[in-house]
Ligand SMILES: [Fe+2]
């Protein structure tokens, strides 16, 4: 599983902290073992079931979020430096883990991938935190999983979580049906 995971997720190697990197691998491996989806399915399935006829794949969306977050952090560091500390390892790990809960949100019904009962009861920010805590992912990173989506609007986000939240929406909102197209 590790080799197949590395193929779809080369960005996990960007994490410098060896212990944290290993935990991120373990969370994803475990989630894939519990999932109706294989690593290869993630290269094919649409990244959301909320958009009709979505052509962007799960991994295209996921990897774009990591790249946007890292590039945004670089610009912020260039301009703000020590005035706005950003933990890059936490940022990368969070960006890679925010949607890991989706792997156990989905079920297969007559060959179709749909949101299953678990996914309806517990959206992926909740199951994602459950998966990450099981492998000792630090609270700062679990916070990003918990708050990356609309659920996080009710509380406060760290700097890293604000970056990820916006990176996530940058690679989601333009694909929505209500985007102005001229
Ligand atoms: Fe998400």
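For Cα pairs less than 8 Å apart in space and 6+ apart in sequence, what is the mean separation divided by the residue count of the range 17-172, i.e. the relative contact order in percent?
Across the range 17-172, relative contact order equals 25 percent.
Fewest Cβ neighbours within 10 Å first, please rank 92, 162 accordingly.
Neighbour counts put them in this order, fewest first: 162, 92.
Run the helix sum for the chain: -39,500 (n - 2.57) per DSSP H stretch of 4+ residues, divided by residue count, reported at 222 nm to the nearest 500 deg cm²/dmol.
Calculated at 222 nm, the ellipticity per residue is -16000 deg cm²/dmol.
Please work out whether the range 1-69 counts as rounded, prolate or oblate from its C-alpha gyration tensor, where a ≥ b ≥ c are the square roots of the eigenvalues and a/c under 1.5 means rounded, while otherwise a/b larger than b/c means prolate and anything else oblate?
oblate
Compute and list, largest first, the equivalent-ellipsoid semi-axes of the range 122-172 from the alpha carbon gyration tensor, each √(5λ) rounded to a whole angstrom.
18, 12, 10
At residue 121 and residue 177, where each label point lies 7 Å from the Cα along Cα→Cβ, what is the point-to-point distance in nanometres?
Each label point lies 7 Å from its Cα, and together they span 3.0 nm.
What number, in nm² with one decimal, is the all-direction average of the projected area of the convex hull of the alpha-carbon atoms of the range 21-104?
So the Cα hull casts an average projection of 6.4 nm².
Which value in nm describes the separation of the simple spin-label points at residue 75 and residue 22, placed 7 Å from the Cα toward the beta carbon?
3.7 nm
Can you sort 22, 82 from fewest to most other Cβ atoms within 10 Å of each residue's own Cβ?
With the sparsest Cβ surroundings first, the list reads 82, 22.
So what is the relative contact order for the range 42-133, in percent, with contacts set as C-alpha pairs under 8 Å and at least six apart?
20 percent
If you take all C-alpha pairs in the range 1-141, what percent of them are over 19 Å apart?
53 percent
Hey, how many Å between the Cα centroid of the range 137-166 and the Cα centroid of the range 77-103?
Here the two parts' Cα centres lie 10 Å apart.
How high is the relative contact order of the range 85-151, given as a whole-number percent (alpha carbon pairs under 8 Å, six or more residues apart)?
That works out to 36 percent.
Read-outs: derived from the displayed coordinates by stated rules, not from any lab. Everything quoted here is computed from the prediction, not taken from an experiment. In this analysis, Cβ positions are derived from the backbone assuming ideal geometry, glycine residues included, and neighbour counts consider all displayed protein chains.
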